[in-house]
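Novice: Structure below; questions to follow.
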Amino acid sequence: GKLLALRDDVEGALLCQTEAIRLDSSYADSHGELGGLYAMQGDLVRAEESSRAAIALEPHNADLHHDIGIIIGGTGDVQRAEKSFWTALRIAPAHGGAHFNVGLIQ
């Protein structure tokens with residue numbers, strides 16, 4: 001799925017990630033990638049749902065918290081987005097993306 005997304009084949013990547021989740025729903029990266037693909041399509045509700053599924057599987061993954069913060073920020077809910085960035089920073093204090101995004105908000 002990642003290779004297809006890099007080639008701008010979002011539909012193909014969505015199919016691959018959906019199939020990967022069907023085969024092994026315990027793989028957080030597939031849920032996270034699916035969330036990113038939905039976000040690329042502008043479907044922020046499904047993007048957040050998929051990202052939350054990834055976080056449920058790997059709650060201590062700072063990248064997942066950062067990524068959902070970006071998705072939530074796209075909805076205009078800056079407070080919830082900031083909370084996600086701070087969660088990422090609690091997990092990984094040197095997370096550059098989270099620092100950058102907190103700085104943008106403040």
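Novice: Would you pick out the residues in segment 26-73 that are more than 16 Å from THR87 (Cα to Cα), open to solvent by 70 Å² or more (accessible area, probe 1.4 Å), modelled with pLDDT of 95 or more and not in a helix (DSSP H, G or I)?
Specialist: SER26
Novice: Then there's this: Pairs please, first residue from segment 37-63 and closer than 16 Å to LEU15 by Cβ, second anywhere and at pLDDT 95 or above and open to solvent by 30 Å² or more (accessible area, probe 1.4 Å), Cβ atoms under 7 Å, 6+ apart in sequence or on different chains.
Specialist: Listed by first residue and then by second, the contacts come to TYR38/ARG46.
Novice: When you scan segment 77-93, how many residues do you find that are without any contact (Cβ under 8 Å) to a residue 12 or more places away in the chain and closer than 15 Å to ASN61 by Cβ?
Specialist: 2
Novice: From the list LEU57, LEU44, LEU89, exactly one residue is under 12 Å from the mean Cα position of the chain (by Cα) and of a type outside the set (Asp, Glu). Which is it?
Specialist: Going through LEU57, LEU44, LEU89 in turn, the sole match is LEU44.
The values are calculated or read from the model by the stated rules, or taken from the named source; none is laboratory data. Please read these numbers as outputs of a predicted model, since none were measured by experiment. Reconstructed Cβ throughout: ideal geometry from the backbone, glycine too, with neighbour counts over all protein chains shown. Calculation scope for accessible area: heavy atoms of the full protein, side chains included, ligands and nucleic acids excluded. Shrake-Rupley method; radii C 1.70, N 1.55, O 1.52, S 1.80 Å.
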